[in-house]
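No lab work stands behind these numbers, since they all come straight from the coordinates. These numbers were taken from a predicted model, which means no experiment stands behind them. When we count neighbours, we look across all protein chains shown, and the Cβ atoms used for this are built from the backbone with ideal geometry, even at glycine.
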Amino acid sequence: MKDVVENRKRIGSTNKLRLAWIALRENGPVWCFLLLIYYTASTVAHRSFQAQDGLRKRRHIPGLNSPTLNKAIWETWDWSVQGDEWTQSPQWKDSVRHAVLERELPTDADFLEIGPGAGRWTEYLLERARRYEGIDISNSCVEYCRNRFGDDSRATFTLGSGHDLVNVADNSIDAIWSFDAFVHINATEVEGYIGEFARVLRPNGVAVIHHGGVGGAMGGWRSNLTAKAFHDMVCKHGLLLERSFDQWSDAGMVHTVAYGDRIAVIRKSKVEAR
Ligand SMILES: C[S@@+](CC[C@H](N)C(=O)[O-])C[C@H]1O[C@@H](n2cnc3c(N)ncnc32)[C@H](O)[C@@H]1O
């Protein structure tokens, strides 16, 4: 049904009237009235979204993605399905695990995860970890993960400010992973984190970050971050953007991230800059 609204510009007015007449004949007035409500409401919703997005850009307001709102939202989230509400399919999750996480991240390494939520990816990181630290802006996530993974002495979970890694030592991390968290974080706070990556990563360390790419223009509660702004920040802080992709092939299937998102593979140079 969404297609009826999204493709409305592809059908001329005369044709729309003709189609409406056929629909009325075949389905009756009640069904057609309900369709009209849906059609009108969707059009209004679409225009409101565009106006709201424009206002956010013009006035530089944070939308739903400020640290305060992120904290408030995720503190009260229902974590009963442990983040799998964002899993597109079991095959997709397997592929993120094997063709992204395991392909890009080292083994026997010191890991940092930003925004672990209820630990959807944490169990896979722990399989490869010498030491693991999860930092989240939400206390309920920290508590959830402490309960879920508390028996593992290599793992610690701490509450973060939402824009820095003050409690993480310089040159102490081999790999950083963050999925479905940076998509919700505005550019100012993302830049805070990227500056910190340059500090906490060891030489040749890697960060694999799923982030927003189109400044929220495709919906999905995304932040104002764009792929270009992200790339510029990475370069500004002396890191290398090795790769950035929004789809990948695995066992004959193509998998994607939604809403114009990207997955970035960032590397710190092997040699410390003087
Ligand atoms: C959509 S959930 C994803 C959770 C988990 N990574 C997953 O994939 O299931 C977003 C997570 O990012 C965290 N988060 C949001 N803003 C953050 C910020 N500025 N710093 C750290 N964590 C943040 C939230 O608390 C939440 O745990």
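The angle between the Cα long axis of helix 139-149 and the main principal axis of the chain comes to about 70°, on a 0 to 90 degree scale.
Relative to the Cα centre, what is the charge dipole magnitude of the range 97-190, using +1 at the beta carbon of each Lys and Arg, -1 at the beta carbon of each Asp and Glu, and rounding to the nearest 20 debye? It would help to have the intermediate numbers written out before the result.
Details: 9 positive and 17 negative charges, 41 e Å.
It works out to roughly 200 debye.
Going highest first, how would you order 20-29, 102-111 by mean Cβ packing within 10 Å? Numbers along the way, then the final one.
Details: 20-29: 11.1, 102-111: 15.5.
With the highest mean Cβ count within 10 Å placed first, the list reads 102-111, 20-29.
Largest mean-square fluctuation among VAL81, VAL100, VAL190, in a Gaussian network model of the chain whose springs join Cα atoms under 10 Å apart, belongs to VAL81. Entry note, the range 179-274: relative contact order of 35 percent, from Cα contacts under 8 Å with a spacing of 6+ residues.
Where both bridge residues fall in the chain, DSSP classifies roughly 45% of the beta bridges as antiparallel. Mean-square fluctuations from a GNM of the chain, with a 10 angstrom spring cutoff on Cα atoms, peak among THR156, THR256, THR76 at THR76.
Residue order for ASP261, ASP246, fewest other beta carbons within 10 angstrom first, comes to ASP246, ASP261.
Extension gain for the segment TRP86 to VAL271, taken as residue separation times 0.36 nm less the Cα-Cα distance, is 62.8 nm to one decimal.
Averaging 1/r over every pair of different alpha carbons in the range 215-274 and inverting the result gives a Kirkwood radius of 13.3 Å.
The 3J(HN,Hα) values that the Karplus relation (6.51, -1.76, 1.60; θ = phi - 60°) gives for the range 168-176 are, in residue order, 9, 6, 4, 6, 10, 10, 8, 8, 10 Hz. Gly and Pro appear as x. In the chain, helices alone account for a calculated mean residue ellipticity at 222 nm of -12000 deg cm²/dmol, with every DSSP H run of four or more residues adding -39,500 (n - 2.57). Taking other C-beta atoms within 10 angstrom as a stand-in for reagent exposure, LYS16, LYS93, LYS9, LYS268 fall in the order LYS9, LYS16, LYS93, LYS268, fewest first. Shown here are the Rg and Dmax of the Cα trace of the range 1-149, at 23.1, 68 Å.
How would you rank 55-62, 127-134, highest first, on the average number of other Cβ atoms within 10 Å across their residues? Provide the component values of the computation, followed by the final result.
On the way: 55-62: 12.1, 127-134: 18.9.
Per-residue mean Cβ counts within 10 Å order the peptides as 127-134, 55-62.
For the range 130-274, taking the reciprocal of the average inverse distance between every pair of different Cα atoms yields a Kirkwood hydrodynamic radius of 16.0 Å. Over the range 112-168, the alpha carbon radius of gyration divided by the compact-protein estimate 2.2 N^0.38 Å works out to 1.00.
Which of CYS32, CYS141, CYS235 has the fewest other C-beta atoms within 10 Å, and how do the rest follow up to the most? Display every interim value, and only then the final one.
Working: CYS32 16, CYS141 25, CYS235 12.
The order, fewest Cβ neighbours first, is CYS235, CYS32, CYS141.
Kirkwood analysis of the Cα pair distances in the chain returns a hydrodynamic radius of 20.6 Å.
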